[in-house]
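Below: the structure, in structure tokens.
The values are calculated or read from the model by the stated rules, or taken from the named source; none is laboratory data. Nothing here was measured: the structure is a model prediction, and the numbers come from that model. Cβ coordinates were reconstructed from backbone atoms using ideal geometry, including for glycine residues, and neighbour counts include every protein chain displayed. Ligands, DNA and RNA are stripped out before the accessible areas are found, and what is left, the full protein with its side chains, is counted by its heavy atoms. Shrake-Rupley method; radii C 1.70, N 1.55, O 1.52, S 1.80 Å.
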Amino acid sequence: MKIITLGTGHGSATATHMSSITCLECGGKTYLIDCADGTDAVMMQKHLNPSDLTAVFITHMHLDHTGGLPVIMKRNVKEEAARMTIVLPDMELIPCMEQWIALQGFAEQLKKEPFIYRDSKEGYDDGNLKLTAQATEHLASTGKPSYAYRIETENKILCFTGDLRGDCQDFPFAAANNTDLVVSELTHFRLEHIWPYLEKLQTQALIFNHLGNWSQVPEEQERIKEKCKALPYPVTLAYDGMEITL
């Protein structure tokens, strides 16, 4: 299985970090976790065809996690690709996306139902990859849902935390514990907020992703790396285009 962190930044892209886009290649299929603006372009740069996507998993509805989804959908419709599954925390987005695609001139193609929509809380399982959602509180103040995802594929277990609360008290320990890899955001809280969970966490490796302005600073990254040497598993700070094989 290959993991490619195509976009590793926060809500506003920087000169070195695009917003949230992670690609999984496993069992001959390709999946995305979150789909920020520019997803189609960075996939093509990595010689990945957006029309080959089996499924896209959205952790929450903020634009830095969904902004590229309409373009991926339009491309899928235009090229008459195989049906793609879209796993969404909020199904209210579906009419908006499909109206946007129809306005591009693809209303007739939409009648063929090129997409399968699933609510995140229902999970996903195509026999190759199984996804289970754990609710988080990133959007609690708005009453909207957000999720962490536990993914099982090729005898490996991964957890993607999605975005969390500013105090990190909604860290998805149940989804993240006893895994081969945890991919955690590092935008909305400082290292000391997540540290109590990291000390108890049973995983084989941790990647900090979705880096905020503060966690993109080289001096701060060195401090994070030094601090994390005390943990019983390796910790990596993601960068755009990083590839990991499990």
query: In the stretch 91-208, what % of DSSP beta bridges are antiparallel (nearest 5)?
result: 65
task: Please give the calculated 222 nm ellipticity per residue for the chain, where each DSSP H segment of at least 4 residues contributes -39500 (n - 2.57) and the sum is spread over every residue; nearest 500 deg cm²/dmol?
output: -6500 deg cm²/dmol
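If you count the DSSP beta bridges with both ends in the stretch 1-96, what percent of them are antiparallel, to the nearest 5? Could the numbers behind the result be given before it?
Details: 11 of 18 bridges.
In the stretch 1-96, approximately 60 percent of DSSP beta bridges are antiparallel ones.
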task: Express the accessible area of the chain per residue in Å², computed with a 1.4 Å probe while the remaining protein chains stay in the model.
output: 44
field: Local electrostatic count, Ala148, Cβ distance below 13 Å [Lys/Arg +1, Asp/Glu -1]
entry: -2
task: Note down the net charge around Arg75, summing +1 for each Lys or Arg and -1 for each Asp or Glu among other residues with Cβ under 12 Å from its Cβ.
output: -2
message: Please compare each pair in Lys121/Lys144; Lys46/Lys74; Lys78/Lys111; Lys46/Lys227; Lys74/Lys156; Lys2/Lys78 to a cut-off of 22 Å on the Cα-Cα distance and tell me which ones are over it.
response: Lys46/Lys227; Lys74/Lys156; Lys2/Lys78
Charge dipole (the chain, unit charges on Cβ, about Cα centre) - positive-most of Ala102, Phe171, Leu231: Leu231
- prompt: Dipole of the stretch 38-149, Cα-centred, from +1 at each Lys and Arg C-beta and -1 at each Asp and Glu C-beta, to the nearest 20 debye?
  reply: 140
message: Give me the percent relative contact order of the chain, please, defined on Cα pairs under 8 angstrom at least 6 residues apart.
response: 18
query: If you take the charge dipole of the chain about its Cα centre, with +1 on Lys and Arg Cβ and -1 on Asp and Glu Cβ, which of Leu198, Gly7, Leu129 is farthest toward its positive end?
result: Leu129
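To check you understand DSSP bridge types, tell me what percent of the beta bridges within the stretch 1-57 (both residues inside) are antiparallel, rounded to 5.
75
Accessible area of the chain with a 1.4 Å probe: how many percent of it is carbon plus sulfur?
Numbers: 5300 of 10830 Å².
Carbon and sulfur atoms account for 49 percent of the accessible area of the chain.
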- prompt: With charges set only on the Cβ (+1 for Lys and Arg, -1 for Asp and Glu), what does the dipole of the chain come to about its Cα centre, in debye to the nearest 20?
  reply: 240
Charge tally in the Cβ shell below 14 Å around Cys228, where Lys, Arg are +1 and Asp, Glu are -1, Cys228 excluded: 0
- prompt: What residues from the stretch 137-172 fall in the zone where the backbone N is under 15 Å from a label point 7 Å along the Cα-to-C-beta line of Trp214?
  reply: 164-169
- prompt: Can you give me the Cα centroid spacing of the stretch 57-136 and the stretch 188-246 in angstrom?
  reply: 30
